[in-house]
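S.K.: Following this message is one structure expressed as structure tokens.
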Amino acid sequence: LDIEAGDWPIGIFPRRDDIVLTGAYEINETSLKVPDGMDEGIVGRCVAFEPRLAQARRLGAMSGLRPARDVVRLELDRTTDKMPVVHNYGHGGSGVTLSWGCADDVVDLTDKACGMTAEAEIPKTKLA
């Protein structure tokens, strides 16, 4: 994809009561304001891919920041004396896709932190 030329990816995420359409990627953007025309562009590209979306009632538009890192941080941190911390961030726009596997790893790390699982039984995350 050539984002500079306006070749934006799309995402269509059916949920229980609605469908989320995505399709914007702006590096270093910090505003949550949806730029004029961007939402219409996203809907148009999604409808071109799945024409049945043209009949959907539009509920609104919003923007979200998706901080990304070169590598997702998913680890148990015991550097504090008070309580261990499980870090799980840096997924960027892939959070919805990666959330299921990362959640399994977070449960394993939390069990480990609480002494419910032997350390040798905790699998290494596939993301690091």
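S.K.: Give a residue-ordered list of calculated ³J(HN,Hα) values for region 99-114 (Karplus: 6.51 cos²θ - 1.76 cosθ + 1.60, θ = phi - 60°; whole Hz; x for Gly, Pro).
M.R.: 4, 5, x, 5, 4, 4, 5, 4, 4, 4, 5, 5, 4, 4, 5, 8
S.K.: So if R0 is 35 Å, what FRET efficiency would residue 52 and residue 104 give, r being the distance between their Cβ atoms, rounded to the nearest 0.05?
M.R.: 0.60
S.K.: Okay, moving on. Could you compute how fast region 56-114 diffuses translationally, taking Rh as the Kirkwood radius over C-alpha pairs and applying Stokes-Einstein at 37 °C with viscosity 0.692 mPa s? Give it in µm² per second.
M.R.: 245
S.K.: Beyond 18 Å, what share of the Cα-Cα pairs of the chain remains, rounded to the nearest whole percent?
M.R.: Value for the chain (Cα pairs over 18 Å): 64 percent.
S.K.: Now, a different point. Whole number in Å², please: accessible area per residue of the chain, 1.4 Å probe, ligands, DNA and RNA not counted.
M.R.: With all protein chains present, the chain gives 78 Å² per residue.
The values are calculated or read from the model by the stated rules, or taken from the named source; none is laboratory data. Predicted model only: the values in this text are computed from it and were never measured. Every residue, glycine among them, receives a Cβ derived from its backbone with ideal geometry; neighbour counts consider all protein chains shown. All accessible areas refer to the heavy atoms of the entire protein, side chains included, with ligands and DNA or RNA removed. Shrake-Rupley method; radii C 1.70, N 1.55, O 1.52, S 1.80 Å.
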